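**Student:** Here it is: the structure, laid out below.
What follows draws every value from the coordinates through simple rules; no lab data is involved. Treat the numbers as computed from the prediction; the structure is a model and nothing was measured. A quick note on method: Cβ atoms are made from the backbone with ideal geometry, for glycine too, and the neighbour counts reach across all protein chains shown.
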Amino acid sequence: MMDIDISRIKGLIFDLDGTLADTMPLHLEAWNEVGEKYGLSLSHEEHIKFAGMSTEDIVNIQADKQGVSADAKAFSEQKDKVFLEEKLDDVKPIPVVPDFLYSLHNKFPMAVGTGSQRITAEKIIDNLNVNKYIEGLVTADDVENHKPAPDTFLSCAEIIDIAPENCLVFEDGELGMQSAKTGGMQAINITKTSDKKLRDLLTSLENLKK
């Protein structure tokens, strides 16, 4: 099926933006609306490359690259405000991936690890109506070292009380994949996995707990 040892899996960890929720284009719109005030821009390609990083980290990278002075914390707060007030209602679930939550929440402990701020992540999770399925949420506010450092997912593993080597991480970005693997976890990039293979994986996990 894919390079995953199903027999080792005892807990599931999900990235949020681009993995459970189709928010990446909306975040990019909000980023550039705020960025215009600072003289900063972020391309689609850069946004994909930085997927999983905190807004503050991205602002610092772009400000340095584009020779602009920017208060990363203030920028992040303004960007989240735009997202929550103008974009949140347009958030939709990513196909297939939320099915793992619906089908496996009584069989595997599950957590979400994201580079978003807590206030934004909680609103997105509420919007998707999946908060009842997860046991923990780790956000950019909760760790000092963000993706690609492993801290976010290691904190998730600690919350669900599952050893890292027994966790499977669902991601959509290369930095997130690196984060999971550095933390000693198995990981799957949903953008490089067909819906059929994801459904096959779901069936295998369901069968594992029968």
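**Student:** Using 7 Å Cα-to-Cβ label points, what is the SER69/ASP99 separation (nm, one decimal)?
**Tutor:** Distance between the two pseudo-spin positions: 5.3 nm.
**Student:** Moving on to the next point. Quick one: grab Rg to one decimal and Dmax as a whole number for the stretch 51-153, Cα atoms only, in Å.
**Tutor:** Just the Cα atoms of the stretch 51-153 yield Rg and Dmax of 15.3, 50 Å.
**Student:** Pulled fully out, how much extra length does the chain show between SER43 and THR191, if you take 0.36 nm times their separation in residues and subtract their Cα-Cα distance?
**Tutor:** 51.4 nm
**Student:** Related question: Per DSSP H run of at least 4 residues, take -39500 (n - 2.57); add these up for the chain, divide by its residues and hand me the 222 nm value, nearest 500 deg cm²/dmol.
**Tutor:** -13500 deg cm²/dmol
**Student:** Computed from these coordinates, which is Rg/Rh (Cα atoms, Kirkwood Rh): [x] 1.00; [y] 1.03; [z] 0.97?
**Tutor:** Among [x] 1.00; [y] 1.03; [z] 0.97, the one derived from this structure is [z].
**Student:** Using only the Cα atoms of the stretch 121-210, what do you get for the radius of gyration and for Dmax, in Å?
**Tutor:** So, for the stretch 121-210, Rg and Dmax equal 13.7, 39 Å respectively.
**Student:** What are the semi-axes of the equivalent ellipsoid of the stretch 24-89, taken as the square roots of 5 times the eigenvalues of the Cα gyration tensor, listed largest first and rounded to whole Å?
**Tutor:** The three semi-axes for the stretch 24-89 are 17, 13, 10 Å.
**Student:** Using the 2.2 N^0.38 Å rule of thumb for compact globular proteins, work out how the stretch 1-60 stacks up: its C-alpha Rg over that value, please.
**Tutor:** This ratio for the stretch 1-60 stands at 1.51.
**Student:** Assuming R0 = 45 Å, can you tell me the calculated FRET efficiency for the pair GLU206 and ASN60, based on Cβ-Cβ distance, to the nearest 0.05?
**Tutor:** 0.55
**Student:** Ok, one more. Below 16 Å, Cα to Cα, which lysines can LYS92 reach? Residues fewer than 8 away in the same chain don't count.
**Tutor:** Reachable lysines: LYS123.
**Student:** Something else about it: Could you give the dipole magnitude of the stretch 24-89 about its Cα centre, charging the beta-carbon of Lys and Arg +1 and that of Asp and Glu -1, in debye to the nearest 20?
**Tutor:** Approximately 140 debye in magnitude.
**Student:** Give a residue-ordered list of calculated ³J(HN,Hα) values for the stretch 143-152 (Karplus: 6.51 cos²θ - 1.76 cosθ + 1.60, θ = phi - 60°; whole Hz; x for Gly, Pro).
**Tutor:** 10, 7, 9, 8, 3, x, 4, x, 4, 4
**Student:** Once both labels are modelled 7 Å past Cα along the beta-carbon direction, what's the ARG199-LYS132 spacing in nm?
**Tutor:** Result for the modelled spin labels: 2.5 nm.
**Student:** Taking a 29 Å limit on the Cα-Cα distance, which of the listed pairs LYS79/LYS196; LYS132/LYS196; LYS10/LYS87; LYS49/LYS197 fall beyond it?
**Tutor:** LYS79/LYS196; LYS10/LYS87
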